[in-house]
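Below is one structure, written out as structure tokens, with a few remarks after it.
The values are calculated or read from the model by the stated rules, or taken from the named source; none is laboratory data. It should be emphasised that the depicted structure is a prediction, and the values quoted were computed from it without experimental measurement. Note: ideal-geometry Cβ built from the backbone for every residue, glycine included; neighbour counts use all protein chains shown.
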Amino acid sequence: MAAEPVLGIDALPRLSPMLASTGPVPSGPGLAVEFKWDGYRALAYCAGHAIRLQSRNDLPLIGAYPEVGVLPDLLAGRAAVLDGEVVALDDRGRPDFGLLQQRSAPLARPTRVAYFVFDLLHLDHRSLLTAPYTERRALLTALALPGEHAVQVPPYWLDTSPDTLLHVADQHGLEGIMVKRASSRYEPGRRSPAWTKVPLRRTQDVVIGGWLPGQGRRAGVLGSLLMGVYEDDALRYVGNVGTGTGWTERFLVDLTDRLRRLAGGNPFDDAVPTAYARRAHWVRPELVGAVHYRAWTSDNRLRQPSFHGLRPDIDPASVRRA
């Protein structure tokens with residue numbers, strides 16, 4: 001019998017990541033639990049010595065994170081499609097989204113970046129989309145990827161109380177947990193109830209539609225951002241945010257420069273409070289950010305938002321209220 005031809009990278013199926021639903025902590029048998037990693041979701045396509053690393057909205061990432069380029073060598077030339085998260089690690093080895101933001105800033109200090117792989121979607125000539133989660137994870141483990149390099153395979157736990165691991169995540173300053181049905185197939189591009197994300201903090205993606213100039217020490221740079229989410233095809237105003245982790249002087253200067261280059265008309269389809277609208281610098285709705293917040297108000301505003309970082313891996317048109 002003739003050997004199957006070696007797959008080239010262009011022969012691999014192009015896929016979209018499977019997405020998780022948000023909900024209460026699931027319970028019952030047949031559950032697998034992972035920690036939730038705070039970074040950029042990315043699919044890796046490898047064959048021979050070639051690699052593509054693509055974001056959720058299909059932007060190439062390998063140029064920004066060349067450390068992940070070691071993956072084809074770790075796979076010994078095998079063809080594979082993997083799912084994971086690009087993260088920046090702090091001095092204690094924990095993902096830090098603020099450090100990932102700083103990585104792209106000019107003159108940023110060196111940042112340790114890793115690719116945390118948690119799923120295997122295709123291997124050689126076999127699609128694994130219909131294989132159960134536990135089989136995909138077993139095949140991923142068999143690839144023996146972890147070592148002293150930028151590619152890691154974080155652990156998962158079967159039939160362990162999600163509440164227990166949520167408590168562990170809280171103790172270690174992690175974002176939360178992911179609970180997945182052990183029997184679940186992989187559903188590309190779908191937000192599936194088979195996966196549930198349980199964040200420790202409420203997070204909302206927002207489209208940046210404008211900014212207000214700062215005052216005092218922030219004179220000359222932005223003071224706050226005007227945020228929106230899409231409802232059907234309309235961009236609805238949901239508040240403004242003027243604080244955040246990682247809002248260093250350099251970050252604010254860089255972001256202000258980007259916003260100036262996106263200057264345009266008012267992109268919101270509903271009214272922005274007059275006190276903000278008369279001072280606003282409007283921008284084309286092309287940048288997405290993530291904010292932590294306390295709650296939604298009765299008039300659909302984010303209460304006590306804090307800016308968490310930019311999300312270049314998210315398509316603005318896909319931003320909806322979580």
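Points to keep in mind about this one:
- Restricting the stretch 289-300 to residues that are within 21 Å of residue 310 (Cα to Cα) and not in a strand (DSSP E or B), the residue that is farthest from the chain's Cα centre (by Cα): 294
- Qualifying residue in the stretch 95-106 (condition: closer than 24 Å to residue 178 by Cβ, at pLDDT below 95 and assigned to a loop (DSSP other than H, G, I, E, B)): yes
- Per the conditions (1) surrounded by fewer than 18 Cβ atoms within 10 Å (Cβ to Cβ); (2) closer than 22 Å to residue 194 by Cα; (3) under 17 Å from the mean Cα position of the chain (by Cα), the sole criterion not satisfied by residue 59 is (2).
- Total residues in the stretch 184-242, condition small (Gly, Ala, Ser) and part of a strand (DSSP E or B): 9
- Every pair of residues 6+ apart whose Cβ atoms lie under 9 Å, when the first sits in the stretch 66-78 and is more than 18 Å from residue 116 (Cβ to Cβ) while the second is hydrophobic (A, V, I, L, M, F, W, C): 77/6; 77/46; 77/47; 78/7; 78/46; 78/47; 78/123; 78/143
- Index of the failed condition, residue 130 passing every other in (1) within 30 Å of residue 317 (Cβ to Cβ); (2) free of Cβ contacts under 8 Å to residues at least 40 places away in the same chain; (3) out of contact with any strand residue (DSSP E or B) (no Cβ under 9 Å at 6 or more places or on another chain): (2)
- Condition met for residue 272 (buried (at least 16 other Cβ atoms within 10 Å of the Cβ) and either aromatic (Phe, Trp, Tyr) or in the same structural domain as residue 236 (by TED's automatic domain parsing) (or both)): yes
- With respect to the conditions (1) outside any loop (DSSP other than H, G, I, E, B); (2) among the charged types (D, E, K, R); (3) over 16 Å from residue 321 (Cα atoms), residue 286 lacks only one, and its number is (1).
- Whenever a residue of the stretch 145-173 is part of a loop (DSSP other than H, G, I, E, B), its partners that are surrounded by 13 or more Cβ atoms within 10 Å (Cβ to Cβ) and among the charged types (D, E, K, R), lying with C-beta atoms within less than 7 angstrom and at least six residues away or across chains, give the pairs 150/67; 154/34; 156/34; 156/137; 172/94; 173/94.
- Scoring residue 13 on the criteria (1) modelled with pLDDT of 95 or more; (2) under 30 Å from residue 96 (Cα atoms) leaves a single failure, condition (2).
- The stretch 301-322, residues that are more than 15 Å from residue 236 (Cα to Cα) and not in a strand (DSSP E or B): 304, 305, 311, 312, 313, 314, 315
- For the stretch 219-245, the set of residues classified as buried (at least 16 other Cβ atoms within 10 Å of the Cβ) and more than 19 Å from residue 275 (Cα to Cα) consists of 229, 230, 235, 244, listed by residue number.
- Here 139, 165 are screened, and the one residue that is within 20 Å of residue 37 (Cβ to Cβ) and not aromatic (Phe, Trp, Tyr) is 165.
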